[in-house]
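The values are calculated or read from the model by the stated rules, or taken from the named source; none is laboratory data. Note that the structure is a prediction, hence the values are computed from the model and not measured. Glycine also receives a Cβ, built like all others from the backbone with ideal geometry; neighbour counts cover every protein chain displayed.
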Amino acid sequence: MTDRIYDYKKEKTRRLFKKIGFIVSILVILAIAFSIAFDLFLELIQIREIGKNFVSVFWKNLYVKLSVQIISFVFLFVVFFINNAVIKKNIERIVGKISFLKNNILNLIVSAFLALLTSKYLENNLYIKFLTLTHSKPFNIKDPIFNRDIAYYVFERPFFLSIVNFLFFLMIFVCIYTAAIYIVLYSFTFVSRVNSWGVLSDRRVKSHIFFSLILIFTVKIFTLKYEMEGLLYSFFGEVVGVGYTDYYIRMNYFRLSYIVLAAVIILSIFFFLKKRYSDIGRVMLSYVAFAVLGTVVSAAFQYFVVSPNEQVYERPFLERNIKFTRLAYNLENIDEKYFQVDTSNNITSDDLKQNVSTVENIRITDYPTTLDIQNQIQRFKQYYIFNDADIAKYTINGRIKSVFISAREINYDGIPTKTYINQRFQYTHGYGVVMSLMTEVTPEGQPKFIIKDIPIKSLDGAPEVTQPRIYYGEKTDPYVIVNTKVDEIDYPEGDSNRLFRYDGKGGIRLTPLNRLIFSYVYKDFRLLVSTAINSNSKILINRNIIQRAKKVAPFFDYDTDPYILIDGRGHLVWVLDAYTKTGYYPYSEPAGDGFNYIRNSVKVLIDAYNGTLKFYIVDKTDPIVKVYRSIYPDLFEKGDIPEDIADHIRYPEYIFKVQASILKRYHMTNPNVFYNKEDLWDFGKHKTPDGSIDYIPPYYSVMKLPDSQKEEMILMVPFTPLKYNTMIAWLAAKSDRENYGKLVLYKFPKGLTVYGPLQIENMIDQDPQISKDLSLWNQGGSRVIRGNLLALPINQKILYIEPIYIASDNTSALPEVKRVIAACNGRVVMGSSLNDALSQLVGQQVEVENQSNQPSQQQENTPQTSTSAELSKIKSLFEDVKKALQQGNWEEFGKKFRELDDEMKNIK
């Protein structure tokens, strides 16, 4: 009787635990489903806030992702469930019934978990490949080996390659997983047994494992096609892509592999049916030996046959490598010209007059010093910051000018009191921009601002800013809440602040449900209970413009350096460059970041006030962007970029660097020259402000190119021969709408010595007077900052210009342009202004328009040597300056430093 009562209680407990387990399982499933649904809903409302036209992008991606997820999950679940069921049957046959394997609940849970895990990986990598596969557009270029359009390799092959590779590695995982589970279960049951591997000797266990091995080899045969196509991206030998050994040995190896692998599979199945497992192992090892033999034969053929006469054997393959690499980086249609440099004569005033637009736009201010000065004199409050100084082109008083333009963004690290109200409700936005001419400085040597101050002032024909507030930018990462009971701080005004209330299009209305959602998302309960929020309040999220664009279109690569412009209405608009890339372009050399094809196909315009995004296609010939337009027709604007923005856009520095880097080798189109690396180039070098030697970064300049009829903004970089410093060529990219992205390469005649940038830098250091002056200014609490050295083509000469800044050693000192160095054909001079430097260089007075505000002095036609009396006075003043500095007498220091500066201006 007691035993029956005990059994009854035991059964009741078991049923209770079973019921609890079922309820817990249901709750876990519901929690997972709710989490997924919540994430999707949150993503949807964020996309809708950015733009309702982007919702279709979200739904299409979601539909494809879910389809891939469901199909792959069901397939993988069946695979793991059947495999686990076979394991359970075999292990229980060996050791008897196992309590926790009594029913299929554990198998269902484990199979579902493994299927979910692996299908998630497949979905993340497959959905965009499936979409591009189904919307493929032709490149109208065929590869020379398999004679297939490039579209197959870029849009179609990646999808199928992902499938077969996934299946191959899945089978390997299943095989290893199967063996491991057998060992674990066997060890768990027989803990006293030392040799847990003994379970693998069981006949049915071996049958299961060898069946998995046969599946691996069966899937492997389907990968051979894609491995053979992968030779188009190989680096075997000197060729990127299929080379001589690839074509005659490795491709034949893959063709033979079909036969060998088919024989291995057939024999393995035969021996499997005969239960001859050791023979299966031998057959499979024979294929491994065949694969090793193929690698050895290929390497031996390359070393003993190809290498001794590689230049002849590889010539046709090198031609393909050169051609397709140039196509992939848009270098095939580059306009190559010979620049007939005149090194026998110095530059003349006539040369300058004939290139007046170029001379008027010679830049004498630099990015780092300009940004530093902006943050010192135009920041006004610590809660503002200038993150960047971008270069743009504007028409000022009827003349095209290159300018620095910078956004005054909100700096949350500089908020004086970091309360919740301050960070979320009051300090919500930046205010305005500053614009300075790159070609002019003030009499003190500081940037000449034509847009400045708070409230904003536009001077000297600069564009007016009618909406200066910046709610979306490069530094505006945190969310803020607007239209609350607390007014926002617009900008400082006297001893107080002008207040503001946001009336833009951005933001999500904070309904009770949305307050609950975002308080959970940001883990901030104050958002839910704050009494400052009312029914009209909105939360502004995704305010970083790069992240905002990625939220909508994550399949593009975005430039890390967006820039701000002023449109025709006076509104501030960010321009963000987007790139289409792929690593599947045949025969093309990779650029270093995993891609071997790139186009600047899209520009994204982001309103700094409203946060609205507009995607414009700027390269309508790019097949990749054509595919994206076919997939997401609502993503892109129908027309072209509005003229008030298009007039000021520029070709991006990032893609220009990529193209210029490839061109360093691929300017050689003769296979023999290419193979021998006879004419490798490098970027020109210069001295950085800290005195170290580094490559000259590409720089923007408004100038008239040789053979051009008008000035335009170009991006250019000089080339030198590898390991030499003479200048051999320079590359320019155009930014004007009709010629946007067109590259022009100017080559110098061979055998002619043209001084390169670093050689000019060395000449500056070796000039007795210039070197002496620079050394003098580098003492006594001041320091010299050498600006970027610019190389500018003027008729048949190369004119070099370098600004010289002087600043005190104080960290808060303002660098000021005090001298300008000019050089041409080995002659180097230093003047107190650009006018002065050019006058000395050409030997007669030169007046560059709009340079009159620079420090200047009357000069004779020829330089003069300073007298001993002048030098003695300078030395005396210098000693007075040092003495005042040591004593901390700042009034005396300022007085004597100004006297010293005046005397230095009189030095010829």
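Is at least one residue of the stretch 111-129 buried (at least 17 other Cβ atoms within 10 Å of the Cβ), over 26 Å from the mean Cα position of the chain (by Cα) and outside any helix (DSSP H, G or I)?
There is no residue in the stretch 111-129 that is buried (at least 17 other Cβ atoms within 10 Å of the Cβ), over 26 Å from the mean Cα position of the chain (by Cα) and outside any helix (DSSP H, G or I).
So which residues in the stretch 585-614 are more than 23 Å from residue 47 (Cβ to Cβ) and more than 19 Å from the chain's Cα centre (by Cα), if there are any at all?
585, 586, 587, 588
Scanning for something more than 29 Å from residue 204 (Cβ to Cβ) and within 27 Å of the chain's Cα centre (by Cα), does the stretch 142-150 turn up at least one residue?
Yes: one or more hits.
Tell me which residues, restricted to the stretch 390-432, are of a type in the set (Gly, Ala, Ser) and either in a loop (DSSP other than H, G, I, E, B) or free of Cβ contacts under 8 Å to residues at least 12 places away in the same chain (or both).
398, 432
With the structure loaded, tell me whether residue 84 is of a type outside the set (D, E, K, R), more than 30 Å from the chain's Cα centre (by Cα) and either under 30 Å from residue 317 (Cα atoms) or surrounded by fewer than 20 Cβ atoms within 10 Å (Cβ to Cβ) (or both) or whether it fails that test.
no
Quickly run through the stretch 635-688 and pick out the residues that are touching an Asp or Glu at 6+ places or on another chain (Cβ under 8 Å) and within 30 Å of residue 816 (Cβ to Cβ).
653, 685, 686, 687, 688
Just to check your reading of the model, which residue among 779, 844 is polar (S, T, N, Q), more than 25 Å from residue 690 (Cβ to Cβ), assigned to a loop (DSSP other than H, G, I, E, B) and at pLDDT below 85?
844
Which of the residues spanning the stretch 232-271 are of a type in the set (Phe, Trp, Tyr), closer than 26 Å to residue 586 by Cβ and free of Cβ contacts under 8 Å to residues at least 60 places away in the same chain?
235, 248, 253, 254, 258
Hey, could you check the stretch 734-769 for residues that are small (Gly, Ala, Ser) and closer than 30 Å to residue 619 by Cα and say which is nearest to the chain's Cα centre (by Cα)?
Among residues in the stretch 734-769 that are small (Gly, Ala, Ser) and closer than 30 Å to residue 619 by Cα, the one nearest to the chain's Cα centre (by Cα) is 741.
Looking at the stretch 292-299, is at least one residue surrounded by 14 or more Cβ atoms within 10 Å (Cβ to Cβ) and out of contact with any helix residue (DSSP H, G or I) (no Cβ under 9 Å at 6 or more places or on another chain)?
Within the stretch 292-299, not a single residue is surrounded by 14 or more Cβ atoms within 10 Å (Cβ to Cβ) and out of contact with any helix residue (DSSP H, G or I) (no Cβ under 9 Å at 6 or more places or on another chain).
Going by the structure shown, is residue 755 touching a helix residue (DSSP H, G or I) at 6+ places or on another chain (Cβ under 8 Å) and not hydrophobic (A, V, I, L, M, F, W, C)?
Yes; evaluated as a whole, the condition is true for this residue.
Would you pick out the residues in the stretch 616-631 that are surrounded by fewer than 22 Cβ atoms within 10 Å (Cβ to Cβ) and of a type in the set (Ser, Thr, Tyr)?
Residues satisfying the conditions are 616, 621, 630.
Checking residue 267 against (1) in contact with a Pro (Cβ under 9 Å, 6 or more places away or on another chain); (2) over 30 Å from residue 322 (Cα atoms): exactly one of these is not met. Which one?
Among (1) in contact with a Pro (Cβ under 9 Å, 6 or more places away or on another chain); (2) over 30 Å from residue 322 (Cα atoms), residue 267 violates only (1).
Those residues that are exposed (fewer than 14 other Cβ atoms within 10 Å of the Cβ) and in contact (Cβ under 8 Å) with a residue 24 or more places away in the chain, I need them from the stretch 524-534; list them, please.
526, 531, 534
Given the criterion among the hydroxyl-bearing types (Ser, Thr, Tyr) and crowded, with 20+ Cβ neighbours inside 10 Å, identify the matching residue among 268, 278.
268
Just to verify a result, which residue in the stretch 225-248, among those that are of a type in the set (A, V, I, L, M) and part of a loop (DSSP other than H, G, I, E, B), is surrounded by the fewest Cβ atoms within 10 Å (Cβ to Cβ)?
240
Give me the pairs: first residue in the stretch 218-229 and among the basic types (Lys, Arg), second residue crowded, with 16+ Cβ neighbours inside 10 Å, beta-carbon distance under 7 Å, and six or more apart or on different chains, which are they?
220/168; 220/261
Table: residues versus (1) at pLDDT 90 or above; (2) small (Gly, Ala, Ser); (3) part of a strand (DSSP E or B).
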| residue | (1), (2), (3) |
| --- | --- |
| 733 | yes, yes, yes |
| 741 | yes, yes, no |
| 744 | yes, no, yes |
| 752 | no, no, no |
| 763 | yes, no, no |
| 820 | yes, no, yes |
| 829 | yes, no, yes |
| 836 | yes, no, no |
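Quick one: which residue in 79, 57, 86 is among the β-branched types (Val, Ile, Thr), closer than 27 Å to residue 632 by Cα, part of a helix (DSSP H, G or I) and in contact (Cβ under 8 Å) with a residue 24 or more places away in the chain?
Going through 79, 57, 86 in turn, the sole match is 57.
Assess whether residue 322 counts as being aliphatic (A, V, I, L, M), modelled with pLDDT of 95 or more, in a helix (DSSP H, G or I) and under 30 Å from residue 598 (Cα atoms).
yes
List pairs: first residue in the stretch 730-754 and farther than 16 Å from residue 699 by Cβ, second residue in a strand (DSSP E or B) and among the β-branched types (Val, Ile, Thr) anywhere in the structure, Cβ distance under 8 angstrom, at least six positions apart or on different chains.
From the stretch 730-754, the pairs are 754/798.
Checking the conditions here, which among 463, 478, 512 is of a type outside the set (Phe, Trp, Tyr), farther than 16 Å from residue 425 by Cβ and touching a Phe, Trp or Tyr at 6+ places or on another chain (Cβ under 7 Å)?
One residue alone meets the criteria, 463.
Pairs, please: C-beta under 9 Å, at least 6 apart or cross-chain, first residue outside any loop (DSSP other than H, G, I, E, B) and in the stretch 475-486, second basic (Lys, Arg)?
480/424; 480/543; 481/424; 481/538; 482/501; 482/538
So which residues in the stretch 370-389 are in contact (Cβ under 8 Å) with a residue 40 or more places away in the chain and closer than 23 Å to residue 445 by Cα, if there are any at all?
Listed by number, the residues that qualify are 370, 372, 373, 374, 376, 377, 378, 380, 385, 386, 387, 388.
Within the stretch 732-749, can you find the residues that are basic (Lys, Arg) and closer than 15 Å to residue 681 by Cβ?
Selection gives 747 alone.
Would you check if there is a residue in the stretch 328-344 being of a type in the set (Ser, Thr, Tyr), in contact (Cβ under 8 Å) with a residue 60 or more places away in the chain and in a helix (DSSP H, G or I)?
The answer is no, given that none of the residues of the stretch 328-344 is of a type in the set (Ser, Thr, Tyr), in contact (Cβ under 8 Å) with a residue 60 or more places away in the chain and in a helix (DSSP H, G or I).
Testing residue 704 on (1) buried (at least 16 other Cβ atoms within 10 Å of the Cβ); (2) over 24 Å from residue 787 (Cα atoms), one condition comes back false. Which one is that?
Among (1) buried (at least 16 other Cβ atoms within 10 Å of the Cβ); (2) over 24 Å from residue 787 (Cα atoms), the lone unmet condition for residue 704 is (2).
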